[in-house]
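Student: Before anything else, here's the structure in question.
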Amino acid sequence: MIKLGLNPKETRYTYFQALVVLLFSRRQQEHMARHPDYYHKIRKTLESEANSKYLFTLRDSPSQATALVKFQNHMKERLAGRPDLFEAIIPTFASGCRRLTPGPRYLESLQENNVTFCNKAIQEFNSTGLKIETREQIDLDIVICATGYDVQAPPTFTVTGRDGKTLKKRWKPLPKSYLAVVVDKFPNFFIIGGPNSGLGSSSLLSVLEAQGDYAVKIVRKLQKESYATFEVRPERVADFSKYIDEYFKRTVYTDKSVSFGPAIALGFTCIASIVVPVTNDLGADVDLAWVVGAWSLSSACSFSLARPLSDIFGRRKLILRGQFVVTIVEALALAGTAVFYRPTSRPRVATSPLFPSKLFKMWRGFVVLLIRLFISGMNYHAMAALLPQGSLFMFTTDNIEVGLLSLLMNLITTVVGVIIPITAHKLGHIKWLYVSGMALQAIFLGASATIVNPKNMWGWAFVPAFGVPMFVMVTILGYAIASLHILHSHLGVAMGLLGTFRSAGGGVRNAIFNTVFQDKFREYAREEISKAALTNRLDPADLRVIIPGAIALNLSIPHTLDSIQDMTPAIEATLRTAVEDPKPYMTNHVQSAMDHNVDEKLHVKDISNQERIEDMDIDTTRESRTIG
């Protein structure tokens, strides 16, 4: 390859020997084509040699001991010029515990004159380089961190299963599959190189070929016998997971030094809109109705404390040491206060209080903003959680359609929360922008009551969308207005108090809304479901199971009433209607896919190894029909 901009005759090239690649001449290829037995023998020899290396991953096996000695001797030979390097980088873990590094001349490069080897732990990075654990500063131009990669690797594109969950969510916290090829609730979906394929310690070609053969045989059966879908049972996935858990116990992959493990992440924001489905999945939506309120109240406290403290100590130090304060200093302060604190009886007035009284005397410039943000926060924080819940109960159980109903509100939030604040200095009249935002919020949230009974799906999508997002605009404009009236020395505490009142309002309103909703819903559901159950001559003793089961059934959770004696599909439909009358109140969207002879159990024989694929759900129809 010739580099652009260089004279090919004057350019100096350096070639490095790459890994050995086995190539066959054309004569050899023709010979193997004429003698398939000869080709088969070579192929099996290569596969056997490649796959036999997998034996060294078995803990305390002869192959493991032999491989460890060979690797150590190989490293010692390559590092003969620097024995100190050998002692520093010789692995303490078993062979195969981590993936081998096949890079050519990797060990030799560590001995070059322009390479400095350091095995001290990195303590911190800074603007000029980094510091190691001995506090020595090392200046660098570029830092490359070889920290590994995501071994779970869900697809970068979205794959959604029958239950509406994506494969990325399905594989949290750990990916699971059957034979590393198929996943339950994902029909007609095959994976090549799936979880637990063992790609790092054996022949990649053999593994992928076996998985591909498995998928092709299933597809051929679907085509020949006119089946529409293929899906593995969840219990088979669980069995396979248990099997590999037990199998890997005797391998080096479970050693303490293993470099493979599940990823852990913490969500920070955007939780309000998903609280309802999360609490429903936990099965305790009534008890956890205060989740949003608890989050709002905790953020209210943090705003008031963080802002004035940042005025005193500085923003950077407060952020860096925040976790240390929470976990250690607070515990010590609690114990010390209980044992040693003995305050004097006479009152003391701080010369510079955290919350100066001057702020609360500024009625038009500050106190009015506190009250307005408190009221606005009451509406926004509560409605952010209740709007998706209303869509779920009144219109649809489809998560995508719930998101579409919220789409307009998100678009308007972008306009009033980003575009208007950015251009406010050019538009002018910030006070009237603030007043109009509060007015629109009051008008449209009040008007939202008219679209609930009788319900109107389009009204539900549009009317709250012009009221709820106004909170974002009035919050930003409120901060701007307050900053024009507050002294610079009190600016931090003023902004913190605005955030406190904003979040506290959300906590109060969320508690009110959820309490009223849950009380009314329990009262109505208990009365209507009991009436429908007794009308259909069900046992009154089963009402404790029937009532929550009917509510769950209305949310498209199947088999919640299967344990009730004398239960029929017709009675289930009656109970589902009784949860909320579909005319003025609840769900009027039902969507289901039906296949001919659903859930027929078949046993498929694997042609190559005669291993049985047990208890697969195969729908026997060429085309699916949709009702709804």
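The values are calculated or read from the model by the stated rules, or taken from the named source; none is laboratory data. Keep in mind it's a predicted model, so treat the numbers as computed, not measured. Don't worry about glycine lacking a Cβ; one is built from the backbone with ideal geometry, like all the others, and counts go over all protein chains shown.
Student: Suppose we keep only residues that are of a type in the set (A, V, I, L, M) and without any contact (Cβ under 8 Å) to a residue 24 or more places away in the chain within segment 531-552. Which one would you say is surrounded by the fewest Cβ atoms within 10 Å (Cβ to Cβ)?
Tutor: Among those that are of a type in the set (A, V, I, L, M) and without any contact (Cβ under 8 Å) to a residue 24 or more places away in the chain, it is A541.
Student: For A50, which of the numbered conditions (1) within 40 Å of the chain's Cα centre (by Cα); (2) among the hydrophobic types (A, V, I, L, M, F, W, C); (3) surrounded by 15 or more Cβ atoms within 10 Å (Cβ to Cβ) fails to hold?
Tutor: (3)
Listed here are the residues, each with its yes/no results for (1) surrounded by 11 or more Cβ atoms within 10 Å (Cβ to Cβ); (2) modelled with pLDDT of 80 or more.
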| site | (1), (2) |
| --- | --- |
| F71 | yes, yes |
| M75 | yes, yes |
| L79 | yes, yes |
| T92 | no, no |
| R99 | yes, no |
| A121 | no, yes |
| F125 | yes, yes |
| I144 | no, yes |
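Student: I'm trying to understand the selection: among the residues of segment 22-73, which are small (G, A, S) and on the phi > 0 side of the Ramachandran plot?
Tutor: None - no residue of segment 22-73 is small (G, A, S) and on the phi > 0 side of the Ramachandran plot, so the list stays empty.
Student: Moving on. Taking the residues in segment 218-238 that are part of a helix (DSSP H, G or I) and touching a Lys or Arg at 6+ places or on another chain (Cβ under 9 Å) as candidates, determine which candidate is farthest from P175 (Cα to Cα).
Tutor: The qualifying residue farthest from P175 (Cα to Cα) is P234.
Student: For L427, indicate whether it is under 30 Å from L484 (Cβ atoms) and either surrounded by fewer than 16 Cβ atoms within 10 Å (Cβ to Cβ) or without any contact (Cβ under 8 Å) to a residue 12 or more places away in the chain (or both).
Tutor: Yes: the conditions hold for L427.
Student: Continuing with this model, one more query. Quick test of your reading of the structure: R12 fulfils all but one of (1) assigned to a helix (DSSP H, G or I); (2) at pLDDT below 85. Name the failing condition by number.
Tutor: Just one mismatch for R12, condition (1).
Student: Does S61 meet the test of being small (G, A, S) and closer than 22 Å to L205 by Cα?
Tutor: When the stated conditions are applied, S61 does not pass them.
Student: Oh, and also: Just the residues that are free of Cβ contacts under 8 Å to residues at least 60 places away in the same chain, of a type in the set (G, A, S) and in contact with a helix residue (DSSP H, G or I) (Cβ under 7 Å, 6 or more places away or on another chain), please, taken from segment 448-496.
Tutor: Of everything in segment 448-496, those that are free of Cβ contacts under 8 Å to residues at least 60 places away in the same chain, of a type in the set (G, A, S) and in contact with a helix residue (DSSP H, G or I) (Cβ under 7 Å, 6 or more places away or on another chain) turn out to be S448, G459, A461, A465, A480, S483.
Student: So how many residues does segment 458-484 have that are more than 30 Å from the chain's Cα centre (by Cα), surrounded by fewer than 19 Cβ atoms within 10 Å (Cβ to Cβ) and farther than 19 Å from I430 by Cα?
Tutor: 2
Student: At pLDDT 80 or above and surrounded by fewer than 21 Cβ atoms within 10 Å (Cβ to Cβ), is that true of V418?
Tutor: yes
Student: Let me ask something additional. Tell me whether segment 459-475 contains one or more residues that are closer than 30 Å to L309 by Cβ and not β-branched (V, I, T).
Tutor: yes
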